[in-house]
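The values are calculated or read from the model by the stated rules, or taken from the named source; none is laboratory data. Bear in mind the structure is a predicted one, so any value in this text is a computation, not a measurement. Positions of Cβ are backbone-derived with ideal geometry, glycine not excepted, and every protein chain shown enters the neighbour counts. Side chains are part of the model used for accessible areas, which takes the heavy atoms of the whole protein and leaves out ligands, DNA and RNA. Shrake-Rupley method; radii C 1.70, N 1.55, O 1.52, S 1.80 Å.
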Amino acid sequence: MPSLILLMIAGAAVFAYWNAARAAAEHAKQLGRDACTAAQVMWLDESVHASGIRVRRNEDGRLGFERSFRFEYSYDGVDRHVGRMVLRGEKLVSFIGPARPSVSPINLH
């Protein structure tokens, strides 16, 4: 009987972890798509890939997961660039990727 209770607790913990990981991946996907749209570049493969996870403290001092994701984008459809983002819970804490285009081009002449 105690082993069944432990098995149920372990199953619930695995489900909670999986559910949080999927929610973080969906949030990262939306952030990547929005960044590429704002920068007027093509978002390649229309997906993000989890590249790491570690335990970190949140602003309130509690432990939580910090997940790293990568995605690819292109300026002209030929080149490929890798963007990276780090989410701590639902909060974006780091982003490396396409920048918004400048408002007016720089004329060197």
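Here are some notes:
- Residue count for region 48-94, restricted to those that are at positive phi and touching a His at 6+ places or on another chain (Cβ under 9 Å): 0
- First in region 2-29 and open to solvent by less than 100 Å² (accessible area, probe 1.4 Å), second anywhere and not hydrophobic (A, V, I, L, M, F, W, C), Cβ under 7 Å, 6 or more apart: ALA24/ARG67; HIS27/GLU90; LYS29/SER47
- Hits in region 30-67 - residues which are farther than 17 Å from ARG88 by Cβ and open to solvent by less than 90 Å² (accessible area, probe 1.4 Å): ARG33, ASP34, ALA35, CYS36, ALA38, ALA39, VAL41, MET42, TRP43, LEU44, SER47, HIS49
- Residue match in region 16-28 (condition: farther than 26 Å from ALA99 by Cβ, of a type in the set (Gly, Ala, Ser), modelled with pLDDT under 95 and outside any helix (DSSP H, G or I)): no
- Scope region 87-98; condition open to solvent by less than 70 Å² (accessible area, probe 1.4 Å) and either in a loop (DSSP other than H, G, I, E, B) or under 16 Å from ARG33 (Cβ atoms) (or both); matching residues: LEU87, GLY89, GLY97, PRO98
- Just one of the listed residues (ARG84, ARG33) is in a strand (DSSP E or B) and modelled with pLDDT of 90 or more, namely ARG84.
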